[in-house]
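A short worksheet on the structure shown next.
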Ligand SMILES: Nc1ncnc2c1ncn2[C@@H]1O[C@H](COP(=O)(O)OP(=O)(O)O)[C@@H](O)[C@H]1O
Ligand SMILES: [Mg+2]
C-alpha cells in the first residue's frame with residue numbers, strides 16, 4: 001500500500017508532461033470521479049424533475065392519451081381558491097415547524113451551555129433528541145391519540161379546570177392546523193436543539209467571559225455572542241424546518257388526512273390526491289413544480305443571510 | 001487607581017483544593033507577575049481576582065472594596081486572555097468599543113476613546129478589519145486595546161504572549177512594559193516563563209501547587225531564594241544542586257563536602273546545624289569558573305558553544321548532572337574532566353525541608 005502511494009508522485013516527476021496535457025488529464029480524472037454520483041443524481045433527481053415539468057404542461061389521467069395543455073395547469077394552481085388556501089396552509093405550518101423548534105432550541109442551548117459535559121446536559125440532549133428517532137408515522141399516531149376527545153391533552157385541560165377548552169383538536173376547523181403544527185414542532189425540536197447545542201459548544205467560552213468583563217448581561221451575551229456564533233447552525237435549522245413545513249405530507253396524512261374540509265390540507269397531500277385519486281397528473285405536476293419554486297424562494301434568503309461572511 | 005489585597009484566598013473544585021490560602025498585598029501601580037509551573041493555579045487565582053471564578057474562602061479587596069461577591073463588570077478590571085477572546089463577527093473598532101457601547105457611552109466619546117487606544121497601540125489601520133483577518137500579534141494588540149479603553153484600575157493578563165512566536169514575544173513584552181510605564185495602572189500578569197517574569201515584574205509571586213512560595217523583586221528571588229523550588233524555578237539555566245554533608249560549623253560560615261565537592265566554606269545561617277547533617281548545595285551555572293584548584297570536578301558530557309559563552313553539561317562522580325556557563329569560547333572536549341571553582345558568597349545551602357539557610361541580609 002504505502003509503496004504504491006509513494007511511488008505515484010515519483011513517477012510524475014520522472015515523466016514531466018506538457019502543462020496543457022497534464023491539465024487535461026487532471027480534469028479527465030475529475031470527471032471520472034464525478035460520473036457515478038452524477039449518474040445517480042441524474043436518474044433519481046434530474047430525470048423525474050424534467051418529467052414533472054413535462055407533465056405539468058399536459059392534460060393527462062396517467063394512463064390514457066395525453067393532450068398538450070399549455071399553461072392552463074399553472075393558471076389553475078395560481079387562481080383556484082382551494083389550491084391557494086392549501087399553499088397558504090403550508091406557509092402557516094412554517095410558523096409552527098420553524099419558529100417553535102428554533103426558538104426553543106436556542107433557549108435550551110443557551111440554558112445548558114456550561115453544563116454541556118455534565119450529566120444534566122447529556123440527559124437534556126438525549127431527551128430532546130428522542131423524537132428524532134421515532135418514525136414520523138408513529139409520532140403522528142401518538143399525537144392523534146393525545147389530541148383525541150378523550151386524549152391526554154383534553155384530560156390535562158380538565159384536570160387544571162379548563163373544561164371549556166376541551167375539544168376534538170384535530171377535527172376542529174380553527175384548531176386542527178395549529179395542532180398539526182405542534183406535532184411538527186415536537187418532531188423537529190430535537191433536531192434543532194441537537195444542532196444548536198452542538199454548535200454552542202464550539203463557541204470559545206472565553207468570549208462569554210470577555211463579554212462579562214465588558215459588562216454584558218445575559219441578553220447581551222445571547223445577542224452578541226451566541227446568535228452570531230450559531231448563525232450557520234440556525235441557517236441549517238431554518239432551512240430544514242421550512243422545507244419540512246412546505247413539503248410536509250406524512251404528519252398531516254396520518255393525523256388529519258387534510259381535514260376537516262381542507263383546513264389542514266398541504267400541497268404534498270394535494271399532489272398525491274390529484275395524481276392518484278383525481279387522475280389529474282398534469283395539475284399535480286404543476287402544483288409540485290410551484291411548490292418546488294416556493295421552497296427555493298423561501299430558502300434562498302435564509303442561505304444568503306447565514307452564509308459565512310468573512 | 002487601586003491596589004489589591006488578597007487575604008487567605010481559597011479555591012476548591014469539588015474536593016480538589018487548587019488555591020490553598022494565598023495572602024498577598026499588591027500596591028497601586030505595581031507590575032506583579034504570578035509565575036509557576038503549568039497547573040499550579042496561576043490562572044485560577046487571576047480569574048478569582050477577575051470574578052470569573054467564585055472565591056471559596058478568604059477575602060479579596062480591590063482598592064478598599066471587598067469584592068468577593070461583586071460582579072466582574074463592577075470590579076474596574078480588564079483582562080487580556082491567552083486566546084485573546086476577540087468577538088469574531090465584530091470589526092476591531094467594535095471589539096474595542098464593545099464595553100463602552102454596553103455602558104451606553106455617547107457615540108462621539110466612544111469614538112474618540114477607541115481612536116485614542118488605536119493610536120497608542122499603533123493599530124489605526126486595522127480598525128475596519130475582523131479578527132479573522134489579523135495576525136497573532138495584531139490580535140494581541142486589539143485585545144490590549146479592548147482593555148485600555150475601559151480605563152480600568154487593574155489590568156489582568158493571562159499568558160498573553162504564549163501564542164506568539166519568539167521574536168514577537170520579545171517585542172510585545174517590551175511594549176507591555178512601556179504601556180505600564182505610560183498608564184501607571186496596576187497590572188497582574190500570569191506566565192509560566194520565568195524570563196518574562198524577571199524582565200517585566202516589579203514584584204514576582206512564585207506559585208507552586210496552589211501555595212505562594214515566595215514574593216519579592218526579581219533580583220531578590222534570584223539572589224536569595226527562600227527554598228529549593230524557587231531556587232530551581234528562577235534563573236536560566238536552572239541552578240545546580242548536589243547533596244553535601246556538614247564538615248564544620250564556624251560562626252556564620254559552614255564547611256560542606258561530598259564525593260563531588262571538596263571542602264567548600266559557605267556563608268550561611270548555621271544556628272541549627274550539626275556536623276554530619278545532610279544538606280543540599282545550590283550553585284548557579286553562571287557562578288562556576290574553570291580553576292585548577294577548584295572544588296568541583298566533573299566529566300564533560302556535552303558542550304554548547306554560543307560564541308559569547310559556552311554552556312558545558314557535566315556529570316559529577318555521584319552522577320549528578322550539572323551545567324556551567326563559561327565566558328567566551330572554551331576549548332573543551334566531550335569526555336575530558338573539568339575542574340571548577342565556585343564563589344562561596346553565591347552558593348546557597350538548603351536544609352532537609354528544602355528551606356534556604358540564608359544569612360540575614
Ligand atoms: N473547572 C475546573 N474544574 C476542576 N479543576 C480545575 C478547573 N479549572 C482548573 N482546575 C485545576 O486547577 C489547577 C490549576 O489550574 P490553572 O489555574 O489553570 O493552572 P495554571 O494556570 O497555573 O496552569 C489544575 O490542576 C487544574 O486541573
Ligand atoms: Mg493558565
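Scanning segment B:36-64 for residues that are within 10 Å of ligand 2 (Cβ to nearest atom) and either under 20 Å from residue B:214 (Cβ atoms) or away from chain A (no Cβ under 14 Å) (or both) gives B:36, B:38, B:39, B:40, B:41, B:42, B:43, B:44, B:45, B:46. Of the residues making up segment B:1-28, those that are assigned to a strand (DSSP E or B) and more than 14 Å from ligand 2 (Cβ to nearest atom) number 18.
Residues in segment B:77-108 that are more than 9 Å from chain A (Cβ to nearest Cβ) and in a loop (DSSP other than H, G, I, E, B): 4 in all. Would you confirm, using the coordinates I've provided, whether residue A:180 is under 30 Å from residue B:86 (Cβ atoms), assigned to a helix (DSSP H, G or I) and out of contact with any strand residue (DSSP E or B) (no Cβ under 9 Å at 6 or more places or on another chain)? Considered against the rule, which asks whether it is under 30 Å from residue B:86 (Cβ atoms), assigned to a helix (DSSP H, G or I) and out of contact with any strand residue (DSSP E or B) (no Cβ under 9 Å at 6 or more places or on another chain), residue A:180 comes out as no.
Listed by position, the helices (runs of 4 or more DSSP H) enclosed by segment B:136-216 that each have at least 2 residues that are over 20 Å from residue A:210 (Cα atoms) and within 16 Å of ligand 2 (Cβ to nearest atom) are B:194-200. The set of residues from segment B:77-93 being buried (at least 16 other Cβ atoms within 10 Å of the Cβ) and either more than 16 Å from ligand 1 (Cβ to nearest atom) or not assigned by TED's automatic domain parsing to the domain that holds residue B:176 (or both) comprises B:77, B:78, B:84, B:86, B:87, B:89, B:90, B:91, B:92, B:93. Could you tell me whether segment A:199-211 includes any residue that is closer than 30 Å to residue A:249 by Cα and surrounded by 16 or more Cβ atoms within 10 Å (Cβ to Cβ)? Yes - at least one qualifying residue is present in segment A:199-211. Taking segment B:128-144 as the range and being buried (at least 23 other Cβ atoms within 10 Å of the Cβ) and within 13 Å of chain A (Cβ to nearest Cβ) as the test, the residues that pass are B:142, B:143, B:144. Considering segment B:29-54, the residues that are within 7 Å of ligand 1 (Cβ to nearest atom) and part of a loop (DSSP other than H, G, I, E, B) include one that is surrounded by the most Cβ atoms within 10 Å (Cβ to Cβ), namely B:36.
Quick grid of which residues meet (1) within 11 Å of chain B (Cβ to nearest Cβ); (2) touching a strand residue (DSSP E or B) at 6+ places or on another chain (Cβ under 6 Å):
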site	(1), (2)
A:206	yes, no
A:213	yes, yes
A:220	yes, no
A:227	yes, no
A:233	no, no
A:238	no, no
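Evaluate the following for residue A:191: is it in a helix (DSSP H, G or I) and over 20 Å from residue B:51 (Cβ atoms)?
yes
Inspect all residues belonging to segment B:109-123 and state whether any of them is under 30 Å from residue B:11 (Cα atoms), in contact with a helix residue (DSSP H, G or I) (Cβ under 9 Å, 6 or more places away or on another chain) and modelled with pLDDT under 95.
no
Kindly evaluate residue A:263 against the criterion of being in contact (Cβ under 8 Å) with a residue 60 or more places away in the chain, assigned to a loop (DSSP other than H, G, I, E, B) and either surrounded by 15 or more Cβ atoms within 10 Å (Cβ to Cβ) or within 20 Å of the chain's Cα centre (by Cα) (or both). Answer is yes for this residue.
Would you check if there is a residue in segment A:237-247 being outside any helix (DSSP H, G or I) and touching a helix residue (DSSP H, G or I) at 6+ places or on another chain (Cβ under 7 Å)? The answer is yes, given that some residue of segment A:237-247 is outside any helix (DSSP H, G or I) and touching a helix residue (DSSP H, G or I) at 6+ places or on another chain (Cβ under 7 Å).
Scanning segment A:269-293 for residues that are surrounded by fewer than 21 Cβ atoms within 10 Å (Cβ to Cβ) and within 21 Å of residue A:136 (Cα to Cα) returns A:272, A:273. Of all the residues in segment B:65-76, those that are more than 13 Å from chain A (Cβ to nearest Cβ) and either within 16 Å of ligand 1 (Cβ to nearest atom) or touching a residue at least 40 places away in the same chain (Cβ under 8 Å) (or both) number 0. Residues in segment A:47-58 include none that are closer than 30 Å to residue A:183 by Cα, out of contact with any helix residue (DSSP H, G or I) (no Cβ under 9 Å at 6 or more places or on another chain) and in a helix (DSSP H, G or I).
The values are calculated or read from the model by the stated rules, or taken from the named source; none is laboratory data. If you're wondering where the values come from, they're calculated on a predicted model, not measured in any experiment. Reconstructed Cβ throughout: ideal geometry from the backbone, glycine too, with neighbour counts over all protein chains shown.
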